[in-house]
Amino acid sequence: MITGCKKEGLQCHALKPFSLATTSRAASAHSQFHLSVVNLASTMKNLLANSLLSLLLLLLPLVVAGQSPVPSPTSPPSPASDQKAEEIVKRGIEAVGGDAFLNVRTVIGRGFFTTYLDGVSQLPSRFLDYIVFPDKERTEFSGGGVKIIQANAGDTGWIFDGAAQTLKDMRTPQIEDFKQSMRTSVENILRGWWRKEGATLKYIGRREAGIALRNETVRLTYPNGFWIEYEFGSRDGRPARIIYMQTRKRADNDEEIESLEEDRLQKPITISGVTAPWVIDHFTNGFQTSRINYESIDYNQPVPDSLFAKPDNIKSLK
């Protein structure tokens, strides 16, 4: 979600650049993301449930045991911690460009999405991602002569499977996944979308982030108990990490499992006054499951509404 640039890693979450988170559409922990016509058809059809922001959300290597510690429960927020958290978020906004960041309305990101299986990177898939804030995204994946398109606009969405030659509406769970991916994006906390949903903001404290490095951590908590933690570099103030718990059903039965999801925002690059991560690594229960690597990001370029509207038929698909 950000303005003309060459280089970087998309979620561009839109700014994931940030947004793709996104995000997030992703890969099953037990299947390889091959770019052959046959495998792209079956894998993408199952993995691409939503926007590229959702890619990060759906990359669940269904492992129960994990290596990352689960953040401990916190006490009710105090006025002092609220003020400290607000100051960290305000500094974060300035660190990524201030008004230049807040004035971004559209982002066009290009790059590669790679899944990891048992710690080994699989073949990358090229993507083209369009974002119009606050709730529109279209992501196109291509490889092996086949294209997969998924588009979301508010409460609607559709998916085109080029291998199977099908054009279908997204189901309600897929649309909810898209909304969740936007909720776990950097844009959510920096642009203040969370305030409209009644979430509360609290300062958690400092965490180690490497040799002689520390991150300031804040937590958003929603009325239903869902929480997201954002870490900001104590030196530069930039968003560095996003952590949240995800609940989903196993692929082979209806059992619900919880997993600790984490986005690590790396390789910050400044374009047109906006600084965004061009590499975003996603981890589930401490194991890496994907990487988004941007090669270009363009901000505030025209993006027609027609890109998000479901075509009448496959022939009219643009």
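Read-outs throughout are calculated quantities, based only on the coordinates presented, and are distinct from any laboratory measurement. What you see is a predicted model; the values in this text were computed from it and never measured. Glycine also receives a Cβ, built like all others from the backbone with ideal geometry; neighbour counts cover every protein chain displayed.
Data for the structure
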| read-out | value |
| --- | --- |
| Cα extents of segment 122-193 along the three principal axes, largest first (Å) | 40, 26, 21 |
| FRET efficiency, Gln266 to Ser306 (Cβ-Cβ, R0 41 Å, nearest 0.05) | 0.75 |
| Charge dipole magnitude, Cβ of K and R +1, D and E -1 - segment 135-191, Cα centre, debye nearest 20 | 60 |
| Order by protection proxy (mean Cβ within 10 Å, highest first), peptides 252-258, 295-301 | 295-301, 252-258 |
| 31 Å Cα-Cα threshold exceeded, pairs from Lys168/Lys249; Lys90/Lys310; Lys136/Lys202; Lys267/Lys310 | Lys90/Lys310; Lys267/Lys310 |
| Cα-based reach from Lys315 at 15 Å (exclusive), listing aspartates and glutamates while leaving out same-chain residues under 8 positions away | Asp161 |
| For segment 165-236: Kirkwood Rh in Å [reciprocal of mean 1/r, alpha carbons] | 14.2 |
| Rounded, prolate or oblate (a/c below 1.5 giving rounded, otherwise prolate when a/b exceeds b/c) for segment 207-318 by Cα gyration tensor | oblate |
| Extension reserve of the Leu317-Lys196 stretch, reckoned as 0.36 nm per residue once the Cα distance is removed | 40.1 nm |
| Global geometry of segment 88-243, whether rounded, prolate or oblate, following the gyration tensor of its Cα atoms and the 1.5 cut on a/c | prolate |
